[in-house]
Structures are given as C-alpha cells and as structure tokens.
Amino acid sequence: MTTSPIERAADSFAAELARRRTGRGLSKKQLATLMGFDPSYISHVEGRRHRPTEDFARRAEAVLEASGAIWQRFREYDELRHARSAPPHREPPPPGQWMPPGTGLIVEREQARLRYAEDAYHCVIRRELYNAGTEPVTRYLVRVAVDRYPNDPGRSNRHHREHPLSFAELRLRAYREDAGEREPLHWRAKHDRDAFKEIWLLFENGDGRFPLYPGDRATIEYAYQVGREKWGPWFQRAVRVPTRRLEVRLDLPAGLDPQVWGVETSLSAEEGPLRTPVARHDDGDRAIFDWGTDEPPLNARYRMQWRFRGGPPDDPADRPEGVRASDRMRAIGIVQRGADLLRQPARQFDLPREERTAREVVARLSGTLARLDELHPFSKGVGIAAPQLGIGWAAALVRPGDRGAEPVVLLNPRVVDAAGDTDEQYEGCLSFFDHRGLVPRPLRIDVEHTQWDGSRVITSFEYAMARLVAHEIDHLEGRLYVDRMAPGVPLVPVEEYRQTGSPWRY
C-alpha cells in the first residue's frame, strides 16, 4: 500500500518530533506543558491522528531547540499541503518569533546588575521590550528569589521560615522609559512566600495608564535590595520570554578578593560551566565581572556564583549543621551525585563466562543493602545499582517494601516494553539522599535480563516494583531520577518530606 507525498511528509514531521522529544528525555505530557497544549495533542500528532499546524511546529521547534529540523519537516509538509492554493512566495514566520501562549513580548536586551555594598545586595534589572503580539501589554511579571544557603536547601528553608523576606525590605522601585520619558510603575504582589516573591509590574501609575501596544518598544527597569543575611553567593537569570541578548554584571568589593564563576542549564543540557568566560576589570576599589550571551534558549538558566577569599573568618552560623543524610550514605560507600561513574553506561556481563565476577558484584550489593537497613526505614522498597558503589558493571538489586522479601537480582537488564499509563510519585536516591523528587514512571515495565547461565528472560514488574526497577535500570544507563522530572518541578529537601515510612499509593 502506497501513501501520498503529503502523508509521507506528515509522517516525517511526527517521527522528527518524537525523536527530538525522546532525545531531550521529555514525556509527551512534559512537552505538552512546555508548549501550552493538552497532553493528548502530542500523542495525536506523533500517532498521525492529527496533522501539524504552523503554531504547533513553531512551539515544538522553540521548546525542543531542534536547530531547525522540526521546522524544516513542517515546511516540507506545509508546502505540499498548500501546493495548489497557496499564493506565490508564501513564507511562514520563522520559528524564532514564537512566543509563550498568552504573551507577545520579546526581550530585545536584558541588563542585570548586582552590587554588594554595606552588607546588602542591590539588584537592578533593565529590559528592552518589543510587543510582537496582537494585543496591548498592560503588565509584566517579575520574580525575586533568595537562598541564603544554596548548597543546603533544608537549612536554607529553615532560615527563611524564621527570617522571611518581606516586601517592605525590598524597597522595590520600577519605571518605564519611552521616547525619553521616565514614568514610575505601580506594582501588585502575585505570590508572597518566605524566600520567593512574584510581582506584577503594572504599566500605569497615579497619572494614567500607558500600555505597550503591538509593534511598539519600551524599556522597563526595576530595582530592589536584600540584606546579606538573606542572600547567598549566587545570582541567577532564567529565560522565560524570547530574549535576544542577556547581559549580567556583578559589582563586588575588590578588597574581599572575589572569585566568580558561572554555570548554565537548559532543556537540552545538564548543568555545566558557562560557554563563554566571565570577564573581570577593576574600577577603583570595585571588582566588576561581566558576562553575556546572544539568543539564549527558552527555559535556560544562568547562574553566577562567587566567594570572597579575602573576607573575615567564617561566621560559625554559616557552618553546616550536623550530619546530612547524604553523608550517612557516603560513609558506607555510596557514590554521590556528581561522580563521573553515575553518568556512564555500565558494562554488560558476558555470562556464563563472567559468572564469578557477577556473583562477587552481587555479593557486594547484598552486603550494602543489609547495612542500609540500619540507616533508614525503606518502607517503599529499596534498590541499589553497582555504579553506586563505584563498580561499573550492569548489576542491581531491588527489594520490595516488605523487608522480609528476597531482593530481585538484575544482570544486564533493559526495558523492552512499558505501559502507556503512568503516574507521578516521590522518589529518593541513595546517591542523592538529601532530596526527594516527583518523578513520572510507567505503571508496568517488561524487563529483559540475563540469568547466571547466560540465558535471557523477560520479567514484568508493576506499580511500586516497576518504579524501583526502572530507577535502578536508569542508574545502569547513566541516568538519575532528576533527568525524568518535569522541567521546573522543585526538589523537596528530605527535612521537609512528609511521606517517609509510608508506601506509595496506587
């Protein structure tokens, strides 16, 4: 049976979309959320039940950062679809003009400056806006977040509960500049939490309203301050609106001998160093650090970090409190997040030739599992993979929530089928034990694995065991559960997690 050229083009689009989505480690539901579509729509497009639209293709290209591949597949399909009726020289808008649903704003340039002086951080954000949409813009959402101890979330959360950030201390000021005129902006709180504020900057004041109309440009600037006791040594910019140019400047006392570095993350890459260096120059007694980038991708985050090497001795209040959960895991030989081995695929056993080696690895896993029972109540079940002990072999043990049950031995496992139905539950990880994260998993998986004699069998796991087994197979493939979480979903510090001792519910 043959298909028409337009059907083949639609199939090529769906295949490219699915390939790019899975390559980013996104579920259909996660991609739909980022694109502003109902989850079923992604399934219908990939399943060829719906044909792609221009808006869908633009959003998919922008979110998946497909280097034009998705857009090209759409163009091929669209040209065939309009071959008979399209006017000459039809040229769809480029995918870079896609805007998140409900907005038409483009940030043509953002300049973010943070200055430390007199035991306080003074922040000024300046954005040059262009309304590329079809509706007037009357407000702009900004966020202020603080984190006193960014490497210790539990301690930071306790600190901010006891010393919450207030709007009064921010002393927020906002302005709009247009054709040389500078107008103060009113603002309204949207969310007010201990360490996080969301604020609407309103394009109005006591003298009137001044919307940003389609096709017009204006510059907004807002400034606030936060005392050192509530601000940690970091400054992050998140790209939530299409942005053409992002610039960041840190203005720090040179006498404190600041050392500055930066990291970045995006939907397509884990946290890594900034791709271009931070430049320093001194201006009198100030050390100025500048960094910038063009066309940052949507949902990317750029974080500048620093330490003062010439400052006073550490404040005792800034020293870690007690022993962290991850320290207990590290003490019994569990490799912690950040180790290279946790990001490398494990080596397969050649069984039965390497049976002795496999049994030695399983014995070490079993001994560690016994020690874990002395440290924590694993009511949901527990698993451990060889790379978590610094062993690069494809072996794992998984024990269900019933502590009397024998653990399942998995050698060279791989998932060969999975149910379409999924759910989200909180997971922990022995190599990341200070946090819990909400992770989507299939309710059933079929796993092919090797027996001691070299034969291969397929075992089906459901519900809690499916989640546990999938978690450990991820370890053997170089993945952590944070890779499976939906973008933007926060981790929960173990001190705040309230489901310890309770099984997962189905």
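The values are calculated or read from the model by the stated rules, or taken from the named source; none is laboratory data. Predicted, not measured: the structure shown is a model, and the values here were computed from it. Quick reminder, even Gly has a Cβ in these numbers, built from the backbone with ideal geometry, and neighbours come from all protein chains shown.
Worth pointing out:
- Failed criterion for Phe432 (all others in (1) free of Cβ contacts under 8 Å to residues at least 12 places away in the same chain; (2) surrounded by 14 or more Cβ atoms within 10 Å (Cβ to Cβ); (3) of a type outside the set (Asp, Glu) hold): (1)
- Annotation note: of Ala174, Ala168, the sole residue that is farther than 18 Å from Pro233 by Cα, assigned to a strand (DSSP E or B) and among the hydrophobic types (A, V, I, L, M, F, W, C) is Ala174.
- Residues located in the stretch 422-435, provided they are modelled with pLDDT of 90 or more and more than 20 Å from Glu477 (Cβ to Cβ): Asp423, Glu424, Gln425, Tyr426
- Residues that are within 24 Å of His122 (Cα to Cα), modelled with pLDDT of 90 or more and hydroxyl-bearing (Ser, Thr, Tyr) do occur in the stretch 201-223.
- If the condition is being of a type in the set (Val, Ile, Thr), surrounded by 14 or more Cβ atoms within 10 Å (Cβ to Cβ) and modelled with pLDDT of 85 or more, then the stretch 7-52 contributes Ile42, Val45.
- Taken across the stretch 482-504, residues that are of a type in the set (Lys, Arg), assigned to a strand (DSSP E or B) and buried (at least 16 other Cβ atoms within 10 Å of the Cβ) do not occur at all.
- Residue identified as among the acidic types (Asp, Glu), free of Cβ contacts under 8 Å to residues at least 24 places away in the same chain and surrounded by 18 or more Cβ atoms within 10 Å (Cβ to Cβ) among Asp402, Asp474: Asp474
- Filtered residues of the stretch 357-413 (kept if of a type in the set (Asp, Glu) and in contact with a Lys or Arg (Cβ under 9 Å, 6 or more places away or on another chain)): Asp373, Glu406
- Residue match in the stretch 202-224 (condition: surrounded by fewer than 16 Cβ atoms within 10 Å (Cβ to Cβ), out of contact with any helix residue (DSSP H, G or I) (no Cβ under 7 Å at 6 or more places or on another chain), charged (D, E, K, R) and part of a strand (DSSP E or B)): yes
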